[in-house]
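J.: If you scroll down you'll find the structure; I have some questions about it.
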Amino acid sequence: MTAIGRQGVGMPSERRAGILLHPTSLPGPYGIGDIGPSARTWLGWLEAAGQRIWQMLPIHPTDRHGSPYASPSAFAGASLLLSIDDLIADGWLRHGEKPWGTGAPDRVRWADVWRRKGAAVALAADRVVAAGAVPERFVAERPWLQDWARYDAAAALHGPHWTSWPEALRDREALALTALDDRTEAAQARAVALEWLFEQQWTALRAEAARRGVSLLGDVPIFVGGHAADVWAHRALFRLDAQGHPTVETGVPPDAFSVHGQRWGTPHYDVAAHAATGYAWWVDRLAAELGRFDEVRIDHFRGLAAAWEVPVDGAPVDGRWAPGLGAGM
């Protein structure tokens, strides 16, 4: 496995052992694992066991199936990973507002978690907004955050697929964005506050990992979901038609794991457009990940060399290898 660290690709080079475990799998009473006390306990176990790496799946918001590999944001942190106990300790929630989980303790029941815990963390975020706790520089240092807040607010009104939004909003016309800002000011402020809370708790987790000598290893999916805020905000960087739909889709050819191949449904990058910007979006994306993790891996990094593109009206077997992002480097 090739990892990217602050010192470059493949660093550091010494042999280390670690464990892959997503925070959602940690035990807890709220229906889903989080980045609070149970995560800190887990770091203590890793240290005691001589494990020096904690590898995770992506920590971004999931799609409606609970998958972080087709996230609506390549930058935002998943608010459902927030620790209820830490929100209470910091004064953003009260003990009587704990969103106790239901069902089996070893399964994440996503609908229940979104309803119960989603409401609790939203309440905490609203209190953050009311307290004016988010510094202005927090937003200024994250150019992607306004687009994410707008997307999140618009998705609550019109659904998660921006291609089905009113045409002016879909195409990000200035008047439509201004109208959205006016209509959803509170919702956008909540989205920003949730991100601020996530960064507060994540910073504490990373500090504990460093104290225990454990490196955090993140995961960067090479593609992003077509419905994502990033695609809506940067349409020119993806191969889309005038309505925002992919002109070709990602996938893999037939192989030993799938005799018919696979269609992933995510849009391909416009390699020339990324090259023309000096890969600015990818640079920002990796910088954001390395701001949270000590090292990251790019999932399906083979796509940097070439990627399997599937016709939108064809089957995976009808696809072809097309030059990947690395072709312009």
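J.: Rolling a 1.4 Å sphere over the protein heavy atoms, what is the accessible area per residue of region 229-329, to the nearest Å²?
T.: Solvent-accessible surface per residue comes out at 47 Å².
J.: Run the numbers on region 1-152 and let me know its relative contact order in percent, using alpha-carbon pairs under 8 Å that are six or more apart.
T.: That works out to 22 percent.
J.: Only loop residues by DSSP count here, and only those with at most 13 other Cβ atoms within 10 Å; note down the GluC sites (Glu not before Pro) in region 108-203 that meet that.
T.: GLU141, GLU173
J.: Considering only the other residues whose Cβ falls under 11 Å of the Cβ of THR184, what net charge follows from Lys and Arg at +1 and Asp and Glu at -1?
T.: The answer is -1.
J.: Kindly report, to the nearest 10 Å², the accessible surface of HIS268 as traced by a 1.4 Å probe over protein heavy atoms only.
T.: Accessible area, nearest 10 Å²: 10 Å².
J.: Under 5 Å between amide H atoms, partner at least 5 residues away or on a different chain: which partners does GLN55 have, H built in plane at 1.01 Å?
T.: Answer set, sorted by chain and number: ILE19, LEU20, LEU21, LEU217.
J.: Can you work out the Karplus-derived ³J(HN,Hα) for every residue in region 166-172? Use 6.51 cos²θ - 1.76 cosθ + 1.60 with θ = phi - 60°, whole Hz, and x for glycine or proline.
T.: With the stated coefficients, region 166-172 comes to x, 3, 5, 6, 3, 8, 6 Hz.
J.: Using only protein heavy atoms and a 1.4 Å probe, report how much of TRP110 is accessible, in Å² to the nearest 10.
T.: That residue has around 60 Å² of solvent-accessible surface.
J.: Step through the residues of region 96-113 one at a time and calculate ³J(HN,Hα) from phi using the Karplus curve (6.51 cos²θ - 1.76 cosθ + 1.60, θ = phi - 60°), rounding each to whole Hz and writing x for Gly and Pro.
T.: Each residue's phi maps through the Karplus curve to give x, 9, 5, x, 4, x, 10, x, 5, x, 9, 9, 8, 8, 4, 4, 5, 5 Hz.
J.: Pop out the carbon and sulfur fraction of the accessible area of the chain as a percent, whole number, probe 1.4 Å.
T.: The value for the chain is 55 percent carbon and sulfur by accessible area.
J.: Using a 1.4 Å probe and counting only protein heavy atoms, arrange VAL231, VAL271, VAL283 so the residue with the most accessible area comes first.
T.: VAL283, VAL271, VAL231
J.: Name the residues whose placed amide hydrogens come within less than 5 Å of the amide hydrogen of ALA74, ignoring near sequence neighbours (fewer than 5 apart) on the same chain.
T.: ASP230
J.: How charged is the neighbourhood of ALA17? Take every other residue with its Cβ under 13 Å from the Cβ of ALA17, and add Lys/Arg as +1 and Asp/Glu as -1.
T.: That sum, taken over residues with Cβ under 13 Å, equals +1.
J.: Please list the non-local residues whose amide H lies under 5 Å from the amide H of GLY261, H modeled 1.01 Å from N, same-chain partners needing a gap of 5 or more.
T.: Those lying under 5 Å, H to H, from GLY261 are ASP255.
J.: Using 0.36 nm per residue of separation minus the Cα-Cα distance, give me the extension gain between ASP299 and GLU97 in nm, one decimal.
T.: Extra length available between ASP299 and GLU97 comes to 68.9 nm.
J.: Of ARG172, ARG109, which has the most accessible area and how do the rest follow, probe 1.4 Å?
T.: ARG109, ARG172
J.: Going by Cα centres, region 67-88 and region 114-174 are how many Å apart?
T.: Result: 13 Å between the Cα centres.
J.: If you don't mind, there's one more thing I want to ask. Explain nothing, just the number: relative contact order of the chain, from Cα pairs under 8 Å at least 6 residues apart, as a whole percent.
T.: 19 percent
The values are calculated or read from the model by the stated rules, or taken from the named source; none is laboratory data. Model, not experiment: these values are computed from the prediction. Every residue, glycine as well, gets a Cβ built from its backbone with ideal geometry; the counts of neighbours run over all protein chains shown. Note: accessible area is taken over every heavy atom of the protein model, side chains too, but ligands, DNA and RNA are not part of it. Shrake-Rupley method; radii C 1.70, N 1.55, O 1.52, S 1.80 Å.
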